[in-house]
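Q: Before I ask anything, here is the structure I am working with.
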Amino acid sequence: MGRKSLSPGVLGLGVLLLAAASGAAEPPSCESVRKVFQLRQLGSLRGIPESPRAGLDLQVCTSKNPTCCTKKMEERYQTAVKQDIQQVLQTASATLKFLISRNAAAFQENFEMLIRLAENYTSTLFCSTYRNMAAEATTHVREFFTDVGLFLFGTDVSTQEFVNRFFDTLFPAVYKHVINPSLTDISVEYAECLRLVRRDIRPFGNIPKKAIGQMERSLLPSRTFLQALNLGIEVINTTDHLHFSKDCSRALLRMQYCPHCQGLTLSKPCMGYCLNVIRGCLANVAEVDLHWRGYIQSLEKLSNAMSGTYNIEHVLLNFHSLVNDALEQARINGPELSEQVNKVCGPPVRKPAMSPGCSFDQNIQGLKMFSRDSEETLANRRKEFISHLRLYRAFYGGLADQLCGNELAAADGLPCWNGEDVVRSYTHRVVGSGIKAQSANPEVKVKGTDPVINQIIDKLKHIIQLLQGKSFPKYHKWDLQQTGSGGGVHEEISGDCDDEDGCAGSGSGEIKRVLKSVDSGMPDKTNLSDVKQIHQTNDDSTSDTTGRAYTTMADCMTVMLIILVTLFLVLW
């Protein structure tokens, strides 16, 4: 926003005012003051002098010359100047606040749509491939993705807990429809026994553990990202509605409205004078600057790290593949699993087979998250947002300069108000920003720190720690590390992460392929196998994760696992 220039008529009046300043500054009448007072709707005109009078009752706008102000007017001006400065603050931050709030809402909406789409994929798996258990399974799928949303949007739930709960509650349905397809109904007590025994007999192998790792590593950064955006809005709201000290309020009144008392309704404060007053009033806000810079830098680093195999899009949109792998593993190991279950829970009651219909509506509309162009993903949206946010790194450090330069102060070289008179230039020392610099401020006395600002600084410190991963729970040694001198960040999964755990993969290419396939709303129910994740093995061969093709190595490992489990049961 550029500086507003004065018209020739106003400039001429300013020159006349400057000339008058060397002599008597007494206004010939108070008509102009009355007009501005009425125009600003500051109060009733009753009681406003029609001509200058002695201002012995004034506390701030004191003058040795007659004045157009009364004590009541001074009080009205005091209220007005606080409203004025808050309006100027809100105007200055409006674009930044809109940037953050708009993206916070957009990311939350995108995450909600992504969760619904992933739920849709997983439910379609059961309706297409495991139709007999679809009616039961889709309920558990819905509960699982509800938990995903609760965690992502800030509820205190454990990813490990809700992933395990999903596989626990799914096992009874898998047992009677996949492992023992002749069973169609079991008692509540027997189902509860199956649910409790699932973690011991591990019918789904290592799939639940893999799902826990992927969910933790993808959901936690996205959750923190959303929390950080909401805190950014809170910071701006706090600084937009400051509580000004008594000394600051008096200084603002002297700067903005005291010249009116002398009939100088068109005058503006000198730049140096304005900077001293506003820097004094915003001394505590300037202390936010360092932490605001750190906040934006940390947000950028986390955004860069939220990519690759553990990108939230990749994990959620491929969750149905993990579930399919788990069901196939349970089917293959069915005889051994039945034997183990019978030892713990006893033999189940068998009833005639039934084929319940699929209750899942496969024609859900409106599941488009955003543009399906290959270049338009959550990662690219984050990148665009951060590039705009980076422009506001010095917002709080230069806020006083912005207010004076754009709104409050007179243009350089023009007559200006110095707090007492209209002059050509301000002659006092101009102090810097921040609390320490205010000890030499000739216009405003700053006493102590603002507890509200201190609180928001503490919140910024905390979110910076979260953004940097320093306060995250130690999920499998998950960490964010800076690499190289360029400030790039990558996600490091150390130690226990290998190809089997899903650390290697096709990255964003698979995600983009899946996003393209969902323009119609869902994968084709008769071709679900086309929507699958292809893993690369060490010998460059591929394995179909839907379970319809297995490598010889995988079969050998399965046989070895069965032998080990049997030997363990015999010895036990």
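Q: Could you give me the ³J(HN,Hα) list for region 42-56, computed from phi with Karplus coefficients 6.51, -1.76, 1.60 and θ = phi - 60°, whole Hz, x at Gly and Pro?
A: Values per residue, Gly and Pro as x: 7, x, 6, 6, 5, x, 7, x, 8, 9, x, 9, 6, x, 5 Hz.
Q: If you place +1 on the Cβ of every Lys and Arg, -1 on the Cβ of every Asp and Glu, and leave all else neutral, what size is the dipole of region 159-239 about its Cα centre, to the nearest 20 Debye?
A: 320
Q: Quick check of the Kirkwood formula: for region 111-225, what is the inverse mean of 1/r over all pairs of different Cα atoms, in Å?
A: 14.9
Q: For S338 and S425 in one chain, what is 0.36 nm times their gap in residues minus the Cα-Cα distance, to one decimal in nm?
A: Between S338 and S425, full extension yields an extra 22.1 nm.
Q: Measure off, as a whole percent, the carbon and sulfur share of the 1.4 Å-probe accessible area of region 120-162, all protein chains present.
A: 45
Q: Take the alpha carbon atoms of region 48-86, find their center, do the same for region 381-433, and report the distance between the two centers in whole angstrom.
A: Centre-to-centre (Cα) distance: 27 Å.
Q: Of the GluC sites (Glu not before Pro) in region 42-135, which ones lie in a loop per DSSP and count no more than 15 other C-beta atoms within 10 Å?
A: Sites meeting the loop and neighbour criteria: E50.
Q: Rounded to the nearest 0.05, what FRET efficiency do R116 and L56 give with R0 = 60 Å and r taken as the Cβ-Cβ distance? Could you check?
A: The formula returns an efficiency of 0.25 here.
The values are calculated or read from the model by the stated rules, or taken from the named source; none is laboratory data. Since we're looking at a predicted model, the values are computed, not measured. Cβ sites come from the backbone with ideal geometry, for glycine too, and all protein chains shown count toward neighbours. Surface accessibility is based on the protein's heavy atoms, side chains included, excluding ligands, DNA and RNA. Shrake-Rupley method; radii C 1.70, N 1.55, O 1.52, S 1.80 Å.
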